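Chemist: Handing you this structure, nothing more for now.
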Amino acid sequence: MKSVASAPAKVILFGEHFIVYGGKAILCAIDKRITVESEIVNSDTIQIDSDLGSITVSKSEPVDKVDAKFRSVIFIAQKMLKQFNSKSGLKISIRSEIPAGVGLGSSSACCVASAGSIAGLFTRYSKQEILNLALEGERTVFERASGADTASCTFGGIVEYTKQGTKNLDLSPKFQLIIANSKIVHSTSDVVARVKQFKESKSDEFAILCDNESALIEEVLDALEKNNSKEIGEKMTVNQAHLQKIGVSNKTLDLMVQSVKDVSYGAKLTGAGDGGCIIALVDESNLKGTLNALSEHECFVTKIDTVGVEQKLVN
Ligand code: MEV
């Protein structure tokens, strides 16, 4: 018997980085998935085969000695084997449609799908339990992770996230999102560490930006409720300015955002920044024009994933 789980990618509509310091963020799960298949095997090892490579480690391997790209999954596997007193090993296969390292939540989705798949071999976890396990795994690599990405990949839809919990916004938006990839790969933990330095060296400026971002998000929640795409887009452009001020945008991202300024409703980088993707908010009236403006870049129109993590057992 195999346990199969999949989880969607995500974009951060508003609030990245500020969420690490107790703000609110608004995220949207999107229609690209990572799928994890796991099975119990008669061995003393945990084997992972993935698009990023393969690894076989002993069940008792100290997790901090494991290659960072497999560490979270090994942690989740070891934790489940121990919790359910299993004498067996595990074989895990990971397949992804989500480009890695470009702000679309590939590592969070991997942790969520792994938690759902591996736990599913032993028990039936609720989405909240999957999220808790996935976040524990994610934090073995990225200690300061706010949990926002993991929550979005777990619950799907458009969510409002604070460190206290996740609220599904239950919206049927009129807008569509275009994602354009700068193809510059970033390290989320490095960018988050840089923002920490900014906060420490310019604490007053950072505090004002946090307040401005919080106020912006309250206005966005209102605009989302009213389904006012023009206003939501304008606020994205304001959010981009906040992100520029904390130093997580760069010339490429600025130019990409600038190139759709007059044609979309608004645009911003999404995720950690320093590369990765931008999102542009559009509807049918300006979709084509925005795609044309971004034609130099790999871009796609995304659909909202309303399902979040999915699990099943197969023979
Ligand atoms: C990364 O996708 C989002 C950040 O806010 C980090 C986090 O929330 O853990 C930059």
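The values are calculated or read from the model by the stated rules, or taken from the named source; none is laboratory data. Since the structure is predicted, the reported quantities are computational estimates derived from the model, not experimental observations. All Cβ positions, glycine included, derive from the backbone under ideal geometry; neighbour counts span all protein chains shown. Only protein heavy atoms, including side chains, enter the accessible area calculation; ligands, DNA and RNA are left aside. Shrake-Rupley method; radii C 1.70, N 1.55, O 1.52, S 1.80 Å.
Chemist: Would you mind telling me which numbered condition in (1) of a type in the set (D, E, K, R); (2) farther than 30 Å from residue 119 by Cα; (3) modelled with pLDDT under 95 residue 303 fails?
Modeler: (2)
Chemist: Still on this model: Quick check on my filter: what residues within segment 174-193 are touching a residue at least 60 places away in the same chain (Cβ under 8 Å) and either among the charged types (D, E, K, R) or within 14 Å of the ligand (Cβ to nearest atom) (or both)?
Modeler: 174, 179, 183, 185, 186, 187, 188, 190, 191, 192
So that you can scan it fast, the table gives a plain yes or no per residue for (1) buried (at least 23 other Cβ atoms within 10 Å of the Cβ); (2) within 23 Å of the chain's Cα centre (by Cα); (3) outside any helix (DSSP H, G or I):
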residue: 264; (1), (2), (3): yes, no, yes
residue: 267; (1), (2), (3): yes, yes, yes
residue: 272; (1), (2), (3): yes, yes, yes
residue: 281; (1), (2), (3): yes, yes, yes
residue: 289; (1), (2), (3): no, no, no
residue: 299; (1), (2), (3): no, yes, yes
residue: 312; (1), (2), (3): no, yes, yes
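Chemist: Continuing with this model, one more query. Scanning for something within 30 Å of residue 278 (Cα to Cα), in contact with a Gly (Cβ under 8 Å, 6 or more places away or on another chain) and open to solvent by less than 20 Å² (accessible area, probe 1.4 Å), does segment 85-98 turn up at least one residue?
Modeler: Checking segment 85-98: at least one residue is within 30 Å of residue 278 (Cα to Cα), in contact with a Gly (Cβ under 8 Å, 6 or more places away or on another chain) and open to solvent by less than 20 Å² (accessible area, probe 1.4 Å).
Chemist: For segment 62-78, indicate whether the set of residues that are modelled with pLDDT of 95 or more, within 22 Å of the chain's Cα centre (by Cα) and in a strand (DSSP E or B) is non-empty.
Modeler: Within segment 62-78, not a single residue is modelled with pLDDT of 95 or more, within 22 Å of the chain's Cα centre (by Cα) and in a strand (DSSP E or B).
Chemist: Please determine, by comparing only the residues of segment 79-106 that are in contact (Cβ under 8 Å) with a residue 40 or more places away in the chain and in a helix (DSSP H, G or I), which one is farthest from the ligand (Cβ to nearest atom).
Modeler: Filtering first and then ranking leaves 80.
Chemist: If residue 286 satisfies all but one of (1) among the polar types (S, T, N, Q); (2) under 13 Å from residue 180 (Cβ atoms); (3) away from the ligand (no atom under 16 Å from the Cβ), what's the number of the condition it fails?
Modeler: (2)
Chemist: Only one of these conditions is not met by residue 137: (1) within 20 Å of residue 23 (Cα to Cα); (2) touching a Phe, Trp or Tyr at 6+ places or on another chain (Cβ under 6 Å); (3) not in a strand (DSSP E or B). Which number is it?
Modeler: (1) is the only condition that residue 137 fails.
Chemist: Still on this structure: Within segment 107-129, work out how many residues are open to solvent by 20 Å² or more (accessible area, probe 1.4 Å), outside any loop (DSSP other than H, G, I, E, B) and of a type outside the set (D, E, K, R).
Modeler: The number of residues fulfilling the criteria is 3.
Chemist: Also, I was wondering about something else. Could you list, in sequence order, all residues of segment 140-160 that are assigned to a helix (DSSP H, G or I), within 29 Å of residue 61 (Cβ to Cβ) and more than 11 Å from the ligand (Cβ to nearest atom)?
Modeler: Once the filter is applied, which keeps residues that are assigned to a helix (DSSP H, G or I), within 29 Å of residue 61 (Cβ to Cβ) and more than 11 Å from the ligand (Cβ to nearest atom), segment 140-160 yields only 154.
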